[in-house]
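First comes the structure, then the notes that go with it.
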Amino acid sequence: MLFRKYKRCGIIISVTNKKIEELLTGAFGISKKLQRIGSEAENGLKDKLEEYKNIADYNQLKVLCAMRENRLSETHFAGTTGYGYNDTGREALERIYSDVFDCESALVRPQMISGTHAIATALFGNLRYGDELLSVTGRPYDTLLKVIGQTPAKGSLAEHGVTYKEAALTEDGKPDFDEIRRLITANTKIAAIQRSKGYAWRRSFTVEEINEIIRFVKSIRKDMICFVDNCYGEFCETEEPKADILAGSLIKNPGGGLAPVGGYIAGAEEYVYAAACRLNTPGAGREIGPTLGFTTPFLQGFFLAPQIVGGALGGAAFAAAVFEMLGYPVLPKPEEKRTDIVQAVQMKNSGEVLAFCRGIQKAAPVDSFVTPEPWEMPGYDCQVVMAAGAFVQGSSIELSADAPLREPYTVFFQGGLSYMHAKTGVLTGLNEMLKNGFLVI
Ligand SMILES: *Cc1c(COP(=O)(O)O)cnc(C)c1O
C-alpha cells in the first residue's frame, strides 16, 4: 500500500512523502533541514493552493466551453503552408482565443516570435506619425524601450514619428491618476498598461486595477485605445483585462508549455485587424499566415494552460513563503493575491543570485548539467543571468529564474510545468545558496 500512513515524530507522514524525502536528499542532495523548512512553508499555504486550484478549474471549464462552442474537430489540426489561405484550424484557434479573452477578435500566430514582437505589432499597427503613446504604469519592460525608441534603435516608433510619454508610478507603486490626466493630450492615441512587474520591484496590477485604469482613461478621452501588455498574466485570475487590445507570448502562460513559438493579440476587431495589417501586409491583413503544423500544440497547450498556470502560481507562492521565512524581502508576499506567475526575491548580493540560479538549473529536465553564466542579452542594458533548462528555448512558463545583474539584486522566478517541479527548483536553488555559505539555517 503506497499511501499507508505511519507515525514518525508525532507527524503523520505517508510512505510516499517519505520516498519523496529520500529522493530529494539522495538524488538532489537537498539538506533535510531545508526540506523541513520547505514543508513548514507549504503547510502555511494550504488555503492559497486551494484557491489557485479553484481558479484553474474555472479557467479549464472556460477553455473547454470555447472549444466545444467552436466545434473544434480533427480537421482543424491539418494546418497549411505557403500563404496559408483558408486555414480553418487557424480561424478556429483564433475564435477560441477571442471567446476565452471575451473579446471580438484575436490573432494567434507562430509568425509572432515573442511577447515583444506581439506587443510591437499591436503598437505599430495602431500608431501613426504624430500620435503619442502614453505608458500609464511607469517604465515599460526592458525590451520595449527599443521598440518605443527610448533607447535609440533602428525602426523604432520614435523613428516613425510616434512620440512617447510616461506617467511614473506613485511611491507606493500605484498608477498616478493625476499625472495620467495631466499627460493625456489631443495627440495621445494609446494608453499602455503593463500587468506584470517585468524586471521592476513593484506589485503587478490585478485585472480589477487594470480595468479601473481603463475606465479612468476613457473618462478623460473616450476614443483613446487602452492597450495591455498581458505577459505572464493569462489564467492567473478568472477574467482577463477589459482592454481594447492586449498581447502576450505563447512561450509563457497561454502556450501551456506545448507551444514551441508564437504570440497573440486579442481585442476589438478594428485594432486587431490593424495589427494583422502590420504583421502581414496591408491588404492581406489576417487572411494569410500558414500554421505549419503548429495548430495542435497551440490548442493543446491552451487547453492545458489553466492547470499549468495554477501549478506555477503555487510554485511562486512556495518560493515567496520559504524566502520570507528565511528573512528575504519578497514580492508579492505569500498570502497576497496573484495576477501573474512572477515571484521577485531580493537577494543580498550577486553571489546569492548566481548560486540560486545555478541551483534552479540543476533541477531542470533539460541541460541540468550546465552552469548559467551572465551575458549581454539582446534588448537589455545590463548583464542578465538566466537559469532555464527548458524544452522550448527561452520558455518561461517552464521553470526559470532570471536576474539583471544590477542592484538591488532581485531574482525573478517563474513557471514550472508542474507544482512539484517548481517546488524542487526552489529547494535546489536554496540548497546551492546554503552550500556556498550564503544561507544560515
Ligand atoms: C516577457 C515579457 C514581455 C515580452 O518578452 P519576450 O521575451 O519578448 O517574450 C513583455 N512584457 C513583460 C511584462 C514580460 O514579462
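The values are calculated or read from the model by the stated rules, or taken from the named source; none is laboratory data. Given the structure is predicted, the values throughout are model-derived calculations rather than measurements. Glycine gets a Cβ as well: all are built from the backbone with ideal geometry, and neighbour counts include every protein chain shown.
Looking at Ile213, Ile190, just one residue is within 21 Å of Ser249 (Cβ to Cβ), under 23 Å from the mean Cα position of the chain (by Cα) and β-branched (Val, Ile, Thr), and that residue is Ile190. Out of the residues in the range 201-233 meeting the condition of being modelled with pLDDT of 95 or more and among the aromatic types (Phe, Trp, Tyr), tell me which one is surrounded by the most Cβ atoms within 10 Å (Cβ to Cβ). Among residues in the range 201-233 that are modelled with pLDDT of 95 or more and among the aromatic types (Phe, Trp, Tyr), the one surrounded by the most Cβ atoms within 10 Å (Cβ to Cβ) is Phe227. Checking each residue in the range 70-103 for being farther than 24 Å from Asp57 by Cα and part of a loop (DSSP other than H, G, I, E, B) picks out Ala78, Gly79, Thr80, Thr81, Gly82, Tyr83, Gly84, Tyr85, Asn86, Asp87. Taking the conditions (1) of a type outside the set (A, V, I, L, M); (2) closer than 22 Å to Arg36 by Cα; (3) within 16 Å of the ligand (Cβ to nearest atom) in turn, Glu376 satisfies each one other than (2).
Of all the residues in the range 104-121, those that are surrounded by 19 or more Cβ atoms within 10 Å (Cβ to Cβ), hydrophobic (A, V, I, L, M, F, W, C) and out of contact with any Lys or Arg (no Cβ under 8 Å at 6 or more places or on another chain) number 4. Checked against (1) among the hydrophobic types (A, V, I, L, M, F, W, C); (2) buried (at least 20 other Cβ atoms within 10 Å of the Cβ); (3) more than 15 Å from Phe438 (Cβ to Cβ), Ile360 passes all but a single condition, namely (3). Scanning the range 155-174 for residues that are among the acidic types (Asp, Glu) and buried (at least 18 other Cβ atoms within 10 Å of the Cβ) yields a count of 1. Would you mind stating whether Glu212 is under 19 Å from Lys337 (Cα atoms) and either within 11 Å of the ligand (Cβ to nearest atom) or part of a loop (DSSP other than H, G, I, E, B) (or both)? It is false that Glu212 is under 19 Å from Lys337 (Cα atoms) and either within 11 Å of the ligand (Cβ to nearest atom) or part of a loop (DSSP other than H, G, I, E, B) (or both). Total residues in the range 230-254 satisfying the condition of being touching a Phe, Trp or Tyr at 6+ places or on another chain (Cβ under 7 Å), within 11 Å of the ligand (Cβ to nearest atom) and not in a strand (DSSP E or B): the figure is 3. Considering the range 404-429, and only residues there that are hydrophobic (A, V, I, L, M, F, W, C) and surrounded by fewer than 22 Cβ atoms within 10 Å (Cβ to Cβ), the residue that is nearest to Met377 (Cα to Cα) turns out to be Leu405. Within the range 261-269, identify whether any single residue is in contact with an Asp or Glu (Cβ under 6 Å, 6 or more places away or on another chain), over 25 Å from Leu144 (Cβ atoms) and modelled with pLDDT of 95 or more, and answer yes or no. Scanning the range 261-269, I find no residue that is in contact with an Asp or Glu (Cβ under 6 Å, 6 or more places away or on another chain), over 25 Å from Leu144 (Cβ atoms) and modelled with pLDDT of 95 or more, so the answer is no. Just to be sure I understand the filter: pairs with C-beta atoms under 6 Å, separated by 6 or more residues or on different chains, first member in the range 372-397 and farther than 18 Å from Gly255 by Cβ, second member among the basic types (Lys, Arg). Which pairs pass? If the second residue must be among the basic types (Lys, Arg), the pairs left are Cys382/Arg406. Among the residues of the range 306-344, the one identified as surrounded by fewer than 24 Cβ atoms within 10 Å (Cβ to Cβ), aliphatic (A, V, I, L, M) and within 16 Å of the ligand (Cβ to nearest atom) is Leu331.
Of all residue pairs spaced 6 or more apart or on separate chains, those with beta-carbon atoms under 6 Å, a first member in the range 232-249 that is within 10 Å of Val207 (Cα to Cα) and a second member that is of a type in the set (Asp, Glu) and within 11 Å of the ligand (Cβ to nearest atom) are Gly233/Asp340; Cys236/Asp340. Take Glu352 and tell me if it is charged (D, E, K, R), part of a helix (DSSP H, G or I) and free of Cβ contacts under 8 Å to residues at least 12 places away in the same chain. No: the conditions fail for Glu352. Based on this model, can you work out whether Tyr264 counts as hydroxyl-bearing (Ser, Thr, Tyr), touching a strand residue (DSSP E or B) at 6+ places or on another chain (Cβ under 8 Å), part of a loop (DSSP other than H, G, I, E, B) and crowded, with 18+ Cβ neighbours inside 10 Å? So Tyr264 fails the test. For the range 179-200, a residue qualifies if it is small (Gly, Ala, Ser) and surrounded by 18 or more Cβ atoms within 10 Å (Cβ to Cβ), and the qualifying residues are Ala191, Ala192, Ser196, Gly198, Ala200. Taken together, the criteria exclude Gln150 from residues that are at pLDDT 95 or above, under 30 Å from Ser400 (Cα atoms) and in contact with a strand residue (DSSP E or B) (Cβ under 6 Å, 6 or more places away or on another chain). Residues of the range 83-99 that are out of contact with any strand residue (DSSP E or B) (no Cβ under 8 Å at 6 or more places or on another chain) and hydrophobic (A, V, I, L, M, F, W, C): Ala92, Ile96. Within the range 150-174, residues that are over 28 Å from Glu209 (Cα atoms) sit with their Cβ atoms under 6 Å from residues that are of a type outside the set (D, E, K, R) and surrounded by fewer than 13 Cβ atoms within 10 Å (Cβ to Cβ), at 6+ positions apart or across chains, in these pairs: Gly161/Tyr129. Checked against the criterion of being touching a Lys or Arg at 6+ places or on another chain (Cβ under 8 Å) and of a type in the set (Phe, Trp, Tyr), the candidates Phe101, Phe124 yield just one match: Phe124. Could you check the range 108-205 for strands (runs of 3 or more DSSP E) lying wholly inside it with 2 or more residues that are away from the ligand (no atom under 11 Å from the Cβ) and closer than 30 Å to Arg95 by Cα? The strands (runs of 3 or more DSSP E) meeting that bar are 132-135, 188-194.
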